[in-house]
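Working notes, structure below.
The values are calculated or read from the model by the stated rules, or taken from the named source; none is laboratory data. Predicted model, so just to flag it, every value in this text is computed and none were measured. For neighbour counting, all protein chains shown are included, and Cβ atoms are generated from backbone atoms with ideal geometry for every residue, glycine included. Quick note on the areas: whole protein, heavy atoms, side chains included, nothing else; ligands and nucleic acids left out. Shrake-Rupley method; radii C 1.70, N 1.55, O 1.52, S 1.80 Å.
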Amino acid sequence: MASGENVAQSKQNSDANSRNTLIIKIALFLNYLSKDCHEKLIRDMQKHDTPSQVDVLKIMRANNYVSQQDISNLKKTCLSFAKAHKDTRFGSVCIDFGFLTQSNLDLALEEQTKLNQNNQNIMLGTLLVDAGMISQRQRNLILQKQKVEGIAFKPEQKKNSKKTGSAAFDKSDMREIRESEIIILIQNDALKAFILKTDIFDKDMLISDLKFLLEKNGIIYGIVDDDNLEKFIEDDLYQKRPFEVAKGLESIDGTDAQVVHMFEKEYLKAGNLSEDGTIDFKDRGDIPFVKQGDILAEKIPPKPGKDGINIYGDTILKNDALDIEFLVGKGVTLSRNGLKVTSDVEGNPKVTDSGEISVNDAFFIEGDVDYTTGHIKFDKNVYITGTIKNGFRVEAIDVVANTIDGGIVKAEGNVFIKNGITESSIQAKGNIRASFIHRSEASCMGNMNIVKEIADTKVLLEGTLEMTRGRLFSSSVCAKGGMKIYNIGSEKTKHSTITVGTSIYFEKELASINKNIEKRQHLLENKTAAKSKIETQISEINEKIINYDKSKQRTLAMINQLKEKESADSKVELFQQSLNEAEKKIHELKDKKAVLDTRLKQIGQTIDRFAQAVKVSVKEKLTLKRRNTNNPAKPIVEISGKVLAGTKINGKHAKIVLSHNLSRSRIMEMNHDNKDGPRKGWEMVITNI
């Protein structure tokens, strides 16, 4: 009876452990539970002697390891993950988990059908993530659930195949060596060796003779013990079934260091696509926000590997693990052991392409940028719910707005516009994304993604222009990283000019930086000269003050001598008048010197400011050159729809004016080589896609 109770208790504990493990894994997976809180939670659970009595959700809630809202969502997700789903299609599982509504799924499926009709095969999960309907983590969790559901029958199949003996021994990757009494089969990687008996095998063979045959063929490591060799000699089964006689030791490669970010790196994604093609961005609450002291990223240190050895006794070298070092920017601190990055401020965390982690304070404007707000200049991110009005300027890192109508935007990072850009000027060091651009100028260091239309606009960018469902007309585009577009041209508008593979943006930016450096250097030289002039004037004044002070001392000495003589009153009065004039001159000179000292201090501050500005511009210039070098040119235009005749397409060395309409084509600049070297001319080659 007691034994039955122990079994029941053991099963209860096992079920409780499985349940708690599932809850913790999903909480970590969906980022409800941070790494620090996870460690604390494990310690709290270990304090309980009986696993079946541990309610991990209660511990999470009681200690605020997970918020109340996330606890509620976590319960639903865990229940959905644990139960079996009759319909395991991606969309249906998303609805069961509560990640998606039926109406949003219908919208996504309709969009997927349209894309498939245009030969753009996109997985439903990818489309939902790109549209902002579900998160990357939610998609991965659904895929994990599908994987669990999909492989549930495989172990049984494998078991059945063993019973039927259907598994065959594969000799395709083995080398065969024939001796008179045995056949030796050696894997190509030399990690295993098998032997078979021949028809003339002698059952009276000694183990030492068998070992001799193995050593004769170089097999010296991992040979089975004598008892197993004896079984091989005695059992006739091994005339047909191979016997594993030796096994090497596989090398274990080092595990590279990994960085786990505790926040969504790709924020401000496009949301639902409406009928008119505009992008519905996520609201402000969905933007990642961290508090001071929050852990932003953790590094899992590299693990060393271990060398292996093959059956010949040769060492199999391991691959060494790669380490990673954090790059930290503004608003963050790296721990002493180099394994954690924490936030110094409250704000919006981000990771650059180079891996630098920073936290930027955000500035939110409810409404328009107009006369009420004036120009906006902020060294962090700016989010605007309304429109940047005509003539108003916004300078920030990332700029997110509803519309730009005649505004001017200069961004050190990205520019995301929910609707469109009209008659405006946009400059970004990162990417630009919008629904449409009309009658504007736009330039960026990264990529440009336009959903609907570009018209009467000049575009310069170092990255790629993507308009997979949009059209372009009456515009000039220069994209070093090439172009992917649906339609180019219209019968009623003037022809567009497309230039790919060249860095006009880079050259323009470099010229601007050089101009700023030259201007500031000139001002620096002028201020330095003015400083030198003032220092000379101050030196002259100091010399005069010293001379007047010496004259004053001599006059005082003469007055003291005359006062000893009673008959010299008239002379004393004359010397006293001279003394007063000297004191007046000294006072005037000191006043003048005080003014010059103030001017000298101001000029010194100006010189420091200009010197710092020159230093910043030089650093910016070097960064620009480095990014240009790391960004290879792609002189390619891919048209998934149609491009009209008359469109001009230029590469760095060649150009073409299309003489007829093309559809689903790729236009690429190429240089054909021959044995005597490259030809003098390049050409634009047109192929179908």
Which whole-Hz couplings ³J(HN,Hα) result when phi for each residue of the range 380-393 is put into the Karplus expression 6.51 cos²θ - 1.76 cosθ + 1.60, θ = phi - 60°, listed in order with x for Gly and Pro? 10, 7, 10, 10, 10, 7, x, 10, 8, 7, 4, x, 8, 10
Provide the net charge surrounding GLU230, with neighbours chosen by a C-beta distance below 13 Å and charges set as Lys +1, Arg +1, Asp -1, Glu -1. -4
Taking the chain and counting helices only, DSSP H stretches of n ≥ 4 at -39,500 (n - 2.57) each over all residues, the nearest-500 ellipticity at 222 nm comes to -13000 deg cm²/dmol
How large is the accessible surface per residue of the chain, computed with a 1.4 Å probe and reported in Å² as a whole number? 58
State which entries of LYS527/LYS615; LYS211/LYS318; LYS452/LYS642; LYS550/LYS584; LYS35/LYS350 exceed 23 angstrom in Cα-Cα distance in the structure shown. LYS211/LYS318
Run the numbers for LYS303 and ALA530: contour at 0.36 nm per residue of separation, minus the present Cα-Cα distance, in nm. 75.6 nm
Residue separation times 0.36 nm, minus the C-alpha to C-alpha distance between ASP44 and ASP456: what's the value? 141.9 nm
From zero outward in steps of 5 Å, how is the percent of C-alpha pairs of the range 442-587 spread across the bins? 2, 8, 11, 10, 7, 5, 5, 4, 4, 4, 4, 3, 4, 4, 4, 4, 4, 4, 4, 3, 2, 1, 0, 0
Around ASP379, what is the net charge, scoring Lys/Arg as +1 and Asp/Glu as -1 over all other residues with Cβ under 10 Å from its Cβ? 0
For a 21 Å ceiling on Cα separation, which of these pairs sit above it: LYS634/LYS655; LYS330/LYS429; LYS25/LYS58; LYS484/LYS508? LYS484/LYS508
Summed residue charge, Cβ within 14 Å of GLU583's Cβ, Lys/Arg positive, Asp/Glu negative: +3
Taking GluC sites (Glu not before Pro) in a DSSP loop with at most 12 other Cβ atoms within 10 angstrom as exposed, one finds the longest site-free stretch of the chain at 1-265
Hey, got the dipole for the chain? About the Cα centre, +1 on K and R Cβ, -1 on D and E Cβ, debye to the nearest 20? 2340
Of (1) 28.3, 95; (2) 39.4, 154; (3) 24.7, 78, which one was derived for Rg and Dmax of the Cα atoms in Å from the structure shown? (2)
Counting only protein heavy atoms and using a 1.4 Å probe, what share of the accessible area of the range 392-478 belongs to carbon plus sulfur, as a whole percent? 39
Give me the number: length gained by fully extending ILE71 to GLU244, i.e. 0.36 nm times residue separation minus the C-alpha to C-alpha distance, one decimal in nm. 57.0 nm
List residues of the range 179-214, by number, whose backbone nitrogen lies under 16 Å from a label position 7 Å along Cα→C-beta of ASP314. 186-193
Hand me the trypsin sites (Lys or Arg not before Pro) from the range 288-338 located in a DSSP loop with no more than 16 other Cβ atoms within 10 Å, in residue order please. LYS291, LYS318, LYS330, ARG336
Accessible area of ARG393 in the full protein assembly, 1.4 Å probe (Å², nearest 10): 80
Which listed residue (VAL614, ILE184, GLN68) has the Cα farthest towards the positive end of the charge dipole for the chain, taking +1 on Lys and Arg C-beta and -1 on Asp and Glu C-beta about the Cα centre? VAL614
Ordered by number, the trypsin sites (Lys or Arg not before Pro) in the range 479-519 that occupy a DSSP loop and have at most 12 other Cβ atoms within 10 Å are LYS492, LYS494
Per the charge dipole of the chain (beta-carbon charges, Lys/Arg positive, Asp/Glu negative, Cα centre), the residue among SER18, ILE324, THR497 reaching farthest to the positive end is THR497
Once Lys and Arg get +1 and Asp and Glu get -1 on their Cβ, which of ASN402, LEU589, GLN521 lies farthest toward the positive end of the dipole of the chain? LEU589
